[in-house]
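To start, the structure itself, in structure tokens.
Nothing in this text is a laboratory measurement; each read-out follows from the coordinates by a stated rule. On a predicted model such as this, the values are computed, not experimentally measured, just so you know. Methodologically, a virtual Cβ is constructed for each residue, glycine included, from the backbone with ideal geometry; neighbour enumeration extends over all protein chains shown.
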């Protein structure tokens with residue numbers, strides 16, 4: 001008997017048996033609603049599942065029915081899930097503290113107590129002494145159905161702590177202030193906020209980003225004066241296509257307001273030494289130009305794209321448009337971020353799909369490149385609060401290297417590890433990562449990163465999980481995942497397709513996968529899967545797909561395009577009802593998304609979205625097994641998008657198909673808030689994939 005056929009037959013029998021034991025899948029009631037635009041009519045039978053209040057009984061009842069069905073359907077996987085969760089917790093059991101950093105005379109660190117859901121934050125004098133609690137996130141989470149710490153900032157004098165906390169699961173923050181001298185929590189305005197906060201130089205005022213309560217768009221900046229009753233609005237952006245963020249300059253001279261749209265931006269300056277001074281415009285926005293600002297030693301530095309070549313680095317003596325190029329962009333390299341130190345300019349550049357870090361001496365211009373060992377990786381700047389330092393602290397991760405903290409001596413070029421996590425039972429030498437290039441159907445070269453356990457790779461015989469995102473110019477670099485080790489140890493190959501639409505190859509890569517070019521993202525993903533199987537990294541009938549949010553759109557469109565290619569898929573909070581959402585400007589963030597997907601009021605944009613929106617393009621043939629997740633309080637991708645998608649897929653559900661929708665009833669876009677809960681979600685997804693692959697625990 002053909003071993004591939006016998007394996008597939010056995011797996012199919014097991015799935016059918018599991019389904020036979022499960023309750024009948026929920027069938028959402030159909031209430032057809034005709035939607036017409038540009039001479040096209042489409043019918044949405046499940047529009048009634050949308051409930052902006054998240055409280056309508058019939059909607060909640062349907063979501064809960066789906067959850068019960070998923071629980072029954074996946075019940076047979078529970079022993080494997082328990083095993084995986086135990087492994088994941090043991091691998092990083094907790095109790096280990098992060099590497100401390102020093103700022104304003106204090107050392108700070110983060111620590112997860114053994115088995116804890118939430119971390120604690122501690123400090124001690126830089127000269128040494130006993131660690132004392134600054135913030136206990138577990139204590140703050142008590143009595144709350146959802147809690148995630150979004151950010152925290154210490155005042156320059158070290159006395160006051162400002163924290164941003166998501167207690168709703170919708171991604172917006174509630175701000176709180178604590179006087180560390182007395183331990184007292186001080187009153188702050190009760191309004192939806194973002195995570196960004198900046199203190200004035202005298203520690204008497206705090207600026208923060210406010211979120212529009214209706215659209216959930218970060219739209220303004222307020223100033224809170226210690227002891228004051230009413231916070232003052234110091235900046236407001238009324239154009240719904242733009243969002244607001246806030247940061248402190250390297251010089252600590254300014255709080256920098258960044259106002260960004262899809263293809264233009266501008267910056268405003270708040271004087272950290274005069275909290276009452278009004279915001280001052282640096283350079284007015286104009287279409288097609290983006291710039292992101294910092295200030296150090298009396299000058300302004302900008303990551304900007306004043307011409308179509310991409311992002312370079314520029315310097316300006318004062319607000320205005322008189323910019324001098326320090327690093328001009330070219331076709332193969334553009335500036336991704338930068339850091340300003342006393343003796344060196346540190347630049348992170350995107351070059352041929354990877355990041356590289358260079359140190360350029362201010363005096364003489366000598367340049368040195370940071371050595372990085374793996375074929376694919378992620379590197380980023382750690383906290384470097386002292387610009388006078390002659391050392392750069394950075395974080396490094398690869399598909400085989402756990403995320404670690406390193407130090408680069410800028411005088412002699414040597415690097416040393418400052419902190420590396422202890423992962424029980426993990427040996428990096430047992431695993432191998434590779435970086436490949438595949439040819440998409442139009443001839444474009446697309447990078448793919450992959451990892452596997454060396455002794456488990458059998459040419460043409462492994463299951464393979466392909467991950468993708470491909471939107472907003474965001475780069476999905478190859479980083480380590482401790483939970484993923486459990487998948488690799490059981491023979492899976494894991495790969496990331498760096499499809500067009502992301503930022504892996506700079507601005508050009510983003511432009512090649514958005515708006516009129518969006519179809520390239522889907523083609524790249526499908527072509528990468530086929531090529532990986534052709535090269536022997538996967539058995540052709542053992543391909544799996546995973547993606548979240550805009551990556552869920554990628555998965556949904558790829559399944560419509562090639563439903564028989566993948567055996568199974570995991571779609572996390574997937575953006576799958578793209579056309580309907582983009583047609584509704586009342587939805588949070590829709591207007592700001594026009595630059596990425598197009599405005600369906602335009603006939604061409606409508607036709608493009610109509611052609612790939614997953615909900616609107618489900619085919620007649622059988623689809624793979626699917627695990628779909630949603631968050632009831634998700635404002636970025638409302639729960640009804642995955643709910644409507646699954647309802648439509650159920651119309652074509654074939655005997656034996658696993659099709660599960662799990663809605664987290666207290667969570668939002670980022671899923672569960674606790675550390676152990678997040679690991680449990682990983683275990684559920686991996687158990688689903690492993691079961692489909694035919695894995696049985698020895």
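The table for this structure:
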{"quantity": "Overall Cα dimensions of region 64-197 - principal axes, largest extent first, Å", "calculated": "56, 36, 22"}
{"quantity": "Solution diffusion estimate, µm²/s, Stokes-Einstein, region 357-444, Kirkwood Rh from C-alpha pairs, 25 °C, viscosity 0.890 mPa s", "calculated": "160 µm²/s"}
{"quantity": "Region 62-131, Cα convex hull volume normalised per residue, Å³", "calculated": "113 Å³"}
{"quantity": "Rotationally averaged projected area of region 272-330 (alpha carbon convex hull; nm²)", "calculated": "4.5 nm²"}
{"quantity": "Per residue Cα convex hull volume in Å³ - calculated over region 607-669", "calculated": "87 Å³"}
{"quantity": "Amide N of region 470-489 lying under 20 Å from the label point, which is placed 7 angstrom from the Cα of residue 517 along Cα→Cβ", "calculated": "470-477"}
{"quantity": "Sites residue 389 and residue 455 - FRET efficiency at Förster radius 56 Å, r taken between beta-carbons, to 0.05", "calculated": "0.85"}
{"quantity": "Peptides 33-45, 511-523 ordered by average Cβ neighbours within 10 Å, highest first", "calculated": "511-523, 33-45"}
{"quantity": "The chain: antiparallel DSSP beta bridges as a percent of all, rounded to 5", "calculated": "85 percent"}
{"quantity": "For region 324-481, radius of gyration divided by Kirkwood radius, i.e. Rg to Rh on alpha-carbons", "calculated": "1.01"}
{"quantity": "Extension reserve of the residue 309-residue 71 stretch, reckoned as 0.36 nm per residue once the Cα distance is removed", "calculated": "80.5 nm"}
{"quantity": "For region 400-541: Kirkwood Rh in Å [reciprocal of mean 1/r, alpha carbons]", "calculated": "16.5 Å"}
{"quantity": "Near-label residues of region 477-503 by backbone N, under 15 Å of a point 7 Å along Cα→Cβ of residue 90", "calculated": "483, 485-487, 489-490"}
{"quantity": "Linear extension gain, residue 368 paired with residue 678, 0.36 nm per residue minus alpha-carbon span", "calculated": "107.6 nm"}
{"quantity": "Three principal axis lengths of region 444-521 [C-alpha, angstrom, descending]", "calculated": "42, 25, 14"}
{"quantity": "Stretchable slack from residue 697 to residue 666, in nm (0.36 nm times residue separation minus alpha-carbon distance)", "calculated": "7.9 nm"}
{"quantity": "Region 139-184: Rg to Rh, with Rh as the Kirkwood radius over Cα pairs", "calculated": "1.02"}
{"quantity": "Hydrodynamic radius of region 306-358 per Kirkwood, over alpha carbon pairs, in Å", "calculated": "11.9 Å"}
{"quantity": "Modelled label reach - residue 281, point 7 Å along Cα→Cβ, region 292-325 residues with backbone N closer than 18 Å", "calculated": "292-293, 318-323"}
{"quantity": "Exposure proxy order (Cβ contacts within 10 Å, fewest to most) of 266, 107", "calculated": "107, 266"}
{"quantity": "Rule-of-thumb Rg ratio for region 143-233 [Cα; 2.2 N^0.38 Å; N residues]", "calculated": "1.04"}
{"quantity": "Rg(Cα) / (2.2 N^0.38 Å) computed for region 510-652, rounded to two decimals", "calculated": "1.03"}
{"quantity": "Span from the region 27-43 Cα centroid across to the region 473-518 one, whole angstrom", "calculated": "34 Å"}
{"quantity": "Per-residue Cβ neighbour rank within 10 angstrom, fewest leading, 670, 145", "calculated": "145, 670"}
{"quantity": "Largest-first principal axis extents of the Cα set of region 194-287 (Å)", "calculated": "38, 31, 20"}
{"quantity": "Equivalent ellipsoid, region 496-590 (semi-axes from 5 times Cα gyration tensor eigenvalues, Å)", "calculated": "25, 17, 10"}
{"quantity": "In nm, spacing of pseudo-spin labels at residue 650 and residue 620 (7 Å Cα→C-beta vector)", "calculated": "2.4 nm"}
{"quantity": "Size descriptor, Kirkwood hydrodynamic radius, that averages inverse alpha-carbon separations across the chain, Å", "calculated": "26.9 Å"}
{"quantity": "Ranked list, fewest to most other Cβ atoms within 10 Å of each Cβ, for 355, 693", "calculated": "355, 693"}
{"quantity": "Per residue convex hull volume, Cα atoms of region 584-698, in Å³", "calculated": "141 Å³"}
{"quantity": "Modelled FRET efficiency - R0 51 Å, residue 190 with residue 442, Cβ distances, 0.05 increments", "calculated": "0.45"}
{"quantity": "Of every Cα-Cα pair in region 337-391, the percent that sits beyond 13 Å", "calculated": "61 percent"}
{"quantity": "Region 554-631: proportion of alpha-carbon pairs further apart than 19 angstrom, %", "calculated": "40 percent"}
{"quantity": "Semi-axes of the equivalent ellipsoid for region 100-168, Cα gyration tensor, largest first, Å", "calculated": "23, 14, 8"}
{"quantity": "Helix-only mean residue ellipticity at 222 nm for the chain, each DSSP H run of n ≥ 4 adding -39500 (n - 2.57), per residue, nearest 500", "calculated": "-6000 deg cm²/dmol"}
